[in-house]
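The values are calculated or read from the model by the stated rules, or taken from the named source; none is laboratory data. Since this is a predicted model, take the numbers as computed values, not measurements. Cβ placement follows ideal geometry from the backbone for every residue including glycine, while neighbour counts extend to all protein chains displayed.
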Amino acid sequence: MVIPKMTYGLDVWYTPPTKLLGYRQNIGSLMAPRQLTKIQRIATLAITGGLKSTPTDLLDAHAGVLPMDLVLQKICHRALVRTATLPKSHPLQTITGKAAQTIPTTHKAPIDDLLRIFNIKPREFETVRPAATPLEYNPPFITKIVATRDESMEFKCRDKNRLKIFSDGSRFEGKVGTAAILYVDGQMVSESTCSVEMGDNTTHTTYDAELTGGVLAMWILKMTRTRASNNISVYTDCQSIIKAAEYPKSRSGQTVLNEMISIAREILGKIQLCWISGHTDVHSNEEADKQAKAASGGNSSKKPKLPLFLCGPMAKSASAEKQAYHEELKES
């Protein structure tokens, strides 16, 4: 109750002490944290029942509260993030955007100092919209997560589907890459392998790479010209993607996840999204991981030679497959 009253409008009148390059001493508000620390010390003494000679940091630890300088930094950081993520219709959003582009050398405003101290760039924030998934949401694929690693490998061995796709994301040597590989009747279709370098691991996470690998897998399937009678297995070693696809929520990466689901709805056939244990003896998954690591090193694949025409129960010649596909289009 007391801290919000003491720190009202803190981001306007307080600058967290920081030591700039070339300076010997901290620059910022030095007196305010000292005075506020004295107030918090009165509270921590009452909470712990400690002696008046007890060190302040020891009292904070036993009382379970943050030191006052960290409390003030947290409040300023939270206020700045809220300001940086305001909608475009809000007047403060324009002011924050201009302040982030050019920092004046003289007559700095509090927001200029906070943007420099916390290194916040409003344009780099991801927009996460409130989840609008209806209760009757029906995912375009069946999800399968087994309990153990061994069961996942056994499930893959029992899988008799002709079409299988393995996707994986990798973070290697400071870079992030992703890949998806198509297998038909157990044979890798190298012409349909797709791998992409995403960038540095400072701007992309492994979860982003796994999600993008799922999008690549769905895109390959869409361009493969499947039939409604086809049974398709899509394997990934990231359970978070499978759980998120079952019922999308408001969280980071929702744009990529929605794209994956949107493409999956355009694919003919029954899609099964399965979990496969990573870093095991499953050759197909290890190959996807290898391609993803190669992509993170800058070796992105060329544009896959798609589409494939997999219309019949058995593989046909390219001309026969193409003719059958066009005949199917005329009938539809």
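Would the range 94-105 turn up any residue that is touching a residue at least 40 places away in the same chain (Cβ under 8 Å), assigned by TED's automatic domain parsing to the domain that holds Leu30 and over 30 Å from Pro55 (Cα atoms)?
No.
Say whether the condition of being under 17 Å from Pro122 (Cα atoms) and either loosely packed, with under 12 Cβ neighbours inside 10 Å or within 36 Å of the chain's Cα centre (by Cα) (or both) is met by at least one residue in the range 10-22. Outline the logic, then answer.
Of the residues in the range 10-22, the ones under 17 Å from Pro122 (Cα atoms) are 11.
Restricting the remaining residues to those that are either loosely packed, with under 12 Cβ neighbours inside 10 Å or within 36 Å of the chain's Cα centre (by Cα) (or both) gives 11.
Yes, the range 10-22 contains a residue that is under 17 Å from Pro122 (Cα atoms) and either loosely packed, with under 12 Cβ neighbours inside 10 Å or within 36 Å of the chain's Cα centre (by Cα) (or both).
Looking only at the range 188-214, how many residues end up being of a type in the set (S, T, N, Q) and within 18 Å of Ile276 (Cα to Cα)?
2
Out of all the residues in the range 143-157, is one or more in a strand (DSSP E or B), more than 16 Å from Asn285 (Cβ to Cβ) and touching a residue at least 60 places away in the same chain (Cβ under 8 Å)?
yes
Modelled with pLDDT of 85 or more, in contact with a strand residue (DSSP E or B) (Cβ under 9 Å, 6 or more places away or on another chain) and not acidic (Asp, Glu), is that true of Arg116?
yes
The rows are residues; the columns are (1) under 26 Å from the mean Cα position of the chain (by Cα); (2) of a type in the set (Asp, Glu); (3) loosely packed, with under 10 Cβ neighbours inside 10 Å.
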site	(1), (2), (3)
Val81	yes, no, no
Ser89	no, no, yes
Ala100	yes, no, no
His107	no, no, yes
Asp112	no, yes, no
Lys121	yes, no, no
Pro139	yes, no, no
